[in-house]
Structure formats: structure tokens, C-alpha cells
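This report refers to the structure that appears directly beneath it.
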Amino acid sequence: MSLFTLENRAARRIFLHRHLLSDAPQGDSQGSALLDVITRLGFVQLDSINTVARAHDLILFSRKARYRPNHLKSLYEEDRALFEHWTHDAAVIPLDFYPVWHLRRLRDAQTLQKRWSAARRAGFEGQFQAVLDQIKSEGPVSSSDVGKGEKKGSGGWWDWHPSKTALEYLWRSGALTVVGRDGFKKRYDLTERVLDQTIIDPANAPDESQTIDWCCNAALDRLGFATHGELAAFWAHISPAEARVWCKQNLDRGDIVQIEVQGAEGDLKSAFARPGIANDPALDIAPTKRLRVLSPFDPALRDRNRAERLFGFTYRIEVFVPEAKRKYGYYVFPILEGDRLIGRVDMKAFRNEDVLRIKALWPEDGVVWTDKRAAAFEAEAHRLTKLAGVSAVSFEDKWLRLGGP
């Protein structure tokens, strides 16, 4: 029997709708409205690079143009509606999902102790109790508050002092909770002092099979269609092998179906989806034509291979590439228009000069940088100043503003 084929334009519509990029970025951006955005996305990755705005702030601004960084800080640190932990990287996650992270905390407790014993400075295990006692008596701490007398080293992730490693381990394994950040420095407190006992009680957490089921179902709901590897990678909780077993079981029960998804180049790739994928409501929703700049860590771009397959857009961040070897720039932002990624831009906010400098822009092959697109980009750049904390925009190349060289 032939499989249903989801054509590329339809696949893009579903994908963008699931990632909240179909609608214009308008509406309330605080409190419950912001929590709804994060819940629908699943999580928002945190990142410290601040060339225009930090990744988490730009991710949320791309979906709610009224968003400002203090909205997330309030939801996280005052309302306690979010917790911070690990997916594929550090992220803020709806607090309702906390029990599901029990399996991740257990697995981190096992894997990190072994890995860090080999890769970090010796002795961090011996600091567990001292760190816990200090927090119990003094309240929340950051890494600079612990390990008095220890050689601090470079401060890089490869050279944490033992008490800093102990802090991170106790957080990742569950004894501590991150209660907020000063700048980008985490503050840790005892989990039992921060969160309600009901939500942290292991007896109320799903078991391993229930966690796998939740992870796969929740990932599929947020992706629209996916391979078993993509389901496993979404939360980075479970293994591809566990996701493969889940797919087989749910396929046999008829809870999911196997389809073919057409890529940007016309190629077909097998994936799993809900049985009603052919009539998905997103198929009737044309993505807004409003041009917007995305974070390199946007959920729609996190899986670079998937983005390339669906949009024909090859993107690699070049932060760790030596300057002479970079193809584009240190931190280049993709540009979305409708259901197309039409280019990328190198820009940076110079807050001491009160200006957002547009250094260079590269349209994708086949994209003509018309006057209309140039005007739309300039409007978006001016909108970004509100997030970047500057008031002016400067174009280093005149053609960027006028519509072509």
C-alpha cells in the first residue's frame, strides 16, 4: 500500500504553525499568554550571546512583538511558572512538566558523575554536602559564592572548580533548582525549599515507560511529523532506540501513521504523524508575509538538517569558526518571510552608541532583494531596536536599504 505524501508546501505550513510562526507576532506577551507560548513550543533554549538580544528573548519576540526580557524574568523568577533544566541544552520549561524530568534527573545523576569524574577536576563529589549545607544556611548562591579557597582556574566549562561542578551536578540531578539569573549567572537553591513537595515527590513522577510515551507524544504534537530519531532528539530525554520501539507500538495500534514528507528538492523522506495529518487545520493557514528575523537557536531551526530538508536552507552557526574561515559571520540571523527562509543578516547592537548596525545581508539563491523586501527588512530592524535596547538603525551597505546592489 502506498503511503500518503505530504507535499513540501503543506509540510512547511504544518511545521511553521506548530512552531507558532504562521501568525503575525502580535498579542499579549506577559503572564499566562507568555506561558502559553512556551508551553506550546515545549521549552525555550537559553543562550548568553547578546549581539542583538539573547536567544531566548529573540525566540519569544519573534512570536510576540510586545515581548520584553523582563516578561520572562517575571514569569520565571516571580511567578515560578517555569523551571530550568536541560533538553539538548539549558532551557526554561513549564513547571507542569517538572515530574516528567524525573527520568532525566536520574539518568543525569548516573552519566554525569562518570563523565565529569574523567573530564573535570577531581574532588567535586566531596563538595556535595558542603555546598548543600552552605545553601541551607545562606540561601541561594551562584558559582562565585561557593568553593572559597579553591583555585578558580579559567572559569570555562572545561575548568570548573570542584564546588562549581558540585553545584551543576546537584542541579542536574535534582537536589538543587535554579531560581533565576543575575545577568546570565545562575542562582541555585534547595529544590525542597523552592518547589511544592507534591510536584517534586518521585512517587508522583511517571515511570520510564510513561515518560517515553509522554516524550514521544509531546514531541510529535510540536513537530507535526517526525522520524523516531527526531522524536528522541526533541526533548533529548530518551534514546533513539526507545523512540523506535514507541513508534512501532503506536503504529501497530493505529495511533500514528507512516507518511512520506516531500523535501524542498522534491525528495521524499519517511516520517510518522497523527492519522488526521491529511486534514490538519494548519494546511488552510497561510503563514503571514511579515518578514521577521529569527534567532540561530530558534526551535524551528534547532534541527539544522530538518530545516535544510524542508526549506532548502543550509545554516551553520560560525561562533566557533576562526574569523578567516567564516562564510558569513560570527552570529548571523536567518530571515523568514511567509513559508520561506529568504536570507541571513549579520548585525549587532552597539548599546554605547545607541545603534543597531546592519553589517551585511545575504539573500538566498533565487531571492530578489526588491525595494519591497528592503522596506520590510528595515521595518523589522527598527522593531528589533526595542528588544536590543537601542533607538537607531545603521546600514553599512547602502544597497541593503535601497533594494539591491
The chain - mean residue ellipticity at 222 nm from DSSP helices (-39,500 (n - 2.57) per run, n ≥ 4, rounded to 500): -11000 deg cm²/dmol
D (Stokes-Einstein, µm²/s), Kirkwood Cα radius, region 258-405, 1.306 mPa s at 10 °C: 93 µm²/s
Span from the region 1-70 Cα centroid across to the region 321-364 one, whole angstrom: 20 Å
Qualifying aspartates and glutamates (Cα of each under 15 Å from Cα of K372; at least 8 residues distant if same chain): E337, E380
Kirkwood hydrodynamic radius (C-alpha pairs) into Stokes-Einstein, the chain, 20 °C and 1.002 mPa s, D in µm²/s: 93 µm²/s
For the chain, with +1 on Lys and Arg beta carbons and -1 on Asp and Glu, the positive-most of F234, A219, G266 along the dipole: G266
Cβ-based charge dipole, region 246-405, positive-most Cα from A282, V393, P296: V393
Placed amide H near F4: partners under 5 Å, 5+ positions off or other chain: E260
Relative contact order (%) - region 229-384, alpha-carbon pairs under 8 angstrom, separation at least six: 14 percent
Relative contact order of region 1-139, defined on C-alpha pairs under 8 angstrom at six or more residues apart (%): 20 percent
Accessible surface of the chain, 1.4 Å probe, proportion on carbon and sulfur as whole %: 50 percent
Cross-link partners of K325 among aspartates and glutamates (Cα-Cα below 17 Å; sequence separation of 8 or more within a chain): D346
Simple spin-label estimate for A360 and K73 in nanometres, 7 Å along Cα-Cβ: 3.4 nm
Relative contact order (percent, whole number), region 178-280, Cα cutoff 8 Å, 6+ residue spacing: 18 percent
Calculated from backbone phi, Karplus (6.51, -1.76, 1.60) coupling profile of region 332-342 in Hz, x at Gly/Pro: 9, 9, x, 10, 9, 9, x, 9, 10, 8, 9
Heavy atoms of L103 accessible to a 1.4 Å probe, total area in Å² rounded to 10: 20 Å²
Set of lysines with alpha-carbon distance to K348 below 16 Å, sequence-local pairs under 8 removed: K359, K386
Surface accessible to a 1.4 Å probe, per residue, for the residues of the chain, Å²: 45 Å²
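The values are calculated or read from the model by the stated rules, or taken from the named source; none is laboratory data. Because the structure is a prediction, the values reported are computed rather than measured. When we count neighbours, we look across all protein chains shown, and the Cβ atoms used for this are built from the backbone with ideal geometry, even at glycine. Please note that ligands, DNA and RNA were not included when accessible areas were found on the heavy atoms of the full protein model with its side chains. Shrake-Rupley method; radii C 1.70, N 1.55, O 1.52, S 1.80 Å.
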